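The values are calculated or read from the model by the stated rules, or taken from the named source; none is laboratory data. Remember, predicted model here, so these are calculated numbers, not experimental data. No Cβ is skipped: glycine too gets one built from the backbone with ideal geometry, and neighbour counts run over all protein chains shown. We work out accessible area using only protein heavy atoms, side chains counted, and drop any ligands, DNA or RNA first. Shrake-Rupley method; radii C 1.70, N 1.55, O 1.52, S 1.80 Å.
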Amino acid sequence: RGDPEPAVALGAALAALGECTAAAGASPGSSEAAQAALRAGAACVVRALEEGYGAALRIDRAHPQALVGAAEAHTTLAKWAAQAGDGAGAASHASCAVAHYEAALAAPHKLGGFSDRCDVRYNAACVLAQVAGRAE
């Protein structure tokens, strides 16, 4: 109950499953099959947010890996929503990603070594650029 690590691991596994599921449907073929795979992939990523990273953040609201994992999951969902033509959904997920990155970067020393911190800052900057691009 007091350890967020199992929930973070579940979030990472579900997010990876969602990305693999969506990618499997991206191969040439029926667009209906691709859309179905994307929906199934998105459902896994949503589960990663709710059952994995969200559960970890309910235990420790400042857990760095849970914050970054949630930010990455929201970034993935924003990208897929934009590809599907859902601008409002893309903007909503991108805003959530920015909020999670900001929370994670509030304590950069907890994110790991220099390279890890640079990766998180780069990913946060990419999402911020996407959000700024939509606002223009």
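Quick notes on this structure:
- Condition check for Ala34: outside any helix (DSSP H, G or I), over 13 Å from the mean Cα position of the chain (by Cα), at pLDDT below 95 and of a type in the set (A, V, I, L, M): no
- Residue ID - most open to solvent (accessible area, probe 1.4 Å), chosen from residues in the range 16-40 that are of a type in the set (A, V, I, L, M, F, W, C) and within 13 Å of Trp80 (Cα to Cα): Ala26
- Against the test of being assigned to a helix (DSSP H, G or I), open to solvent by less than 20 Å² (accessible area, probe 1.4 Å) and out of contact with any Leu (no Cβ under 8 Å at 6 or more places or on another chain), the options Ala43, Ala97 yield a single qualifying residue, Ala97.
- Taking the range 100-109 as the range and being buried (at least 19 other Cβ atoms within 10 Å of the Cβ) and not in a helix (DSSP H, G or I) as the test, no residue passes.
- Which listed residue is outside any helix (DSSP H, G or I) and either more than 14 Å from Cys126 (Cα to Cα) or not acidic (Asp, Glu) (or both), from Gly85, Gly52, Gly89: Gly85
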